[in-house]
Every structure is written in structure tokens, then in C-alpha cells.
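**Q** Please find one structure pasted underneath; my questions will follow.
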Amino acid sequence: MEHTVRDRIGIYRGSYGAHIENIARTSFGTYDLIYQLGEGLTADLVNDTGSQEVTFAFSKGPVHYSDFRQEISALMELVGEQTHLIHASFWQRKLGLGTGKEFVLRLRLPEGEEALREVIGAIANAGRVGKETIVKRGKMLLGRRVL
């Protein structure tokens, strides 16, 4: 995409140069949705101020892609049965289109530390992939809606 926009369309010509400077330190990524539980990621966000979103970014390690995707999907089902997830989705970065970890697990759950601890515990107890790949070696981002 960068080649197309930058080199083929020619964004460095004319007034586009200033826009490039504004995003020079920004990282972009394109992801495919692999699996989803619960309501849609953006469903009813206007009225949903009592929730938080937790995102885990992680890499798969030396496992075949299809086996890894199936294992994460099964993990999501198990965690969904044990906790009160509003939304859970599993995403894979398109190869070559972004930086950072290759997989992302996005969860929306009720706000509060107790719900967060419960979901982290359920992921860690779901097996080696949950404990080692996601909780121990993954990166967690936590967000709370304020508007």
C-alpha cells in the first residue's frame, strides 16, 4: 500500500508533503478477522460506557498457522464460557502490511479490575498457548470508553 500511495500516486508532490510529516512516526497494520464471539466489535458503542476493551498482541511461535488459529479459536470458546465477554475477536496481520506482533485478540468485557483479572486467569488456565503465548509473552493494551 505504501508503494502505491507514495510512489505511484506521488503524494510527495504538491500539498501532500505536510501530511506525510504529520504521520511520519505512526505505525499502520492491516488485519484479517479470523474468529469472533459475541456481538460485533463496534455494536452499541454509544450506550456501552460500562465496558472496557483489552487487547493482547502476540506471535505464534513454531506452530503451523492452521493449528494455531484453531487453538486460539478453541481458547476463545472456553474463555467465553467461563467469563462474561461482550465481544471477543481474533485477528491476523496481513503478511508484510504492518509492524509488531502478528496476532491480536480483542476482548470487550464489563469494566473493573475483577472482570479483567477473571478473563486473564481464564486465558492463562486454557492451556500452554493461553498461558505462555498470550499472557506471558504477549503485550496487553487496556482501554476504557470515556465518551
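**Q** Name the pairs: first residue in the stretch 130-142 and part of a helix (DSSP H, G or I), second residue of a type in the set (Ser, Thr, Tyr), Cβ to Cβ under 9 Å, at least 6 apart or on different chains?
**A** Final answer for the pair search is 133/59.
**Q** Take the residues in the stretch 90-140 that are closer than 18 Å to residue 63 by Cβ and of a type in the set (Lys, Arg), then tell me which one is surrounded by the most Cβ atoms within 10 Å (Cβ to Cβ).
**A** Ranking the candidates gives 93 first.
**Q** A further question follows. Filter the stretch 94-114 down to the residues that are among the hydrophobic types (A, V, I, L, M, F, W, C) and either at pLDDT 90 or above or part of a loop (DSSP other than H, G, I, E, B) (or both), then identify the one that is nearest to residue 83 (Cα to Cα).
**A** The residue in question is 107.
**Q** While we're here: Residues to consider are 41, 37, 75; find the one that is in a loop (DSSP other than H, G, I, E, B), at pLDDT 65 or above and either open to solvent by 90 Å² or more (accessible area, probe 1.4 Å) or not basic (Lys, Arg) (or both).
**A** None of the other options fit; the residue is 41.
**Q** Report, by residue number, each residue of the stretch 44-72 that is in a strand (DSSP E or B), at pLDDT below 85 and of a type outside the set (Gly, Ala, Ser).
**A** Matches in the stretch 44-72: none.
**Q** Another question, if that's okay. Failed condition for residue 81, given (1) open to solvent by less than 40 Å² (accessible area, probe 1.4 Å); (2) of a type outside the set (S, T, N, Q); (3) modelled with pLDDT of 80 or more, with all others met?
**A** (1)
The values are calculated or read from the model by the stated rules, or taken from the named source; none is laboratory data. Predicted model, so just to flag it, every value in this text is computed and none were measured. Here the Cβ is made from the backbone with ideal geometry for all residues, glycine too, and neighbour counts use every protein chain on show. Just the protein is used for accessible areas: all its heavy atoms, side chains included, with ligands, DNA and RNA removed. Shrake-Rupley method; radii C 1.70, N 1.55, O 1.52, S 1.80 Å.
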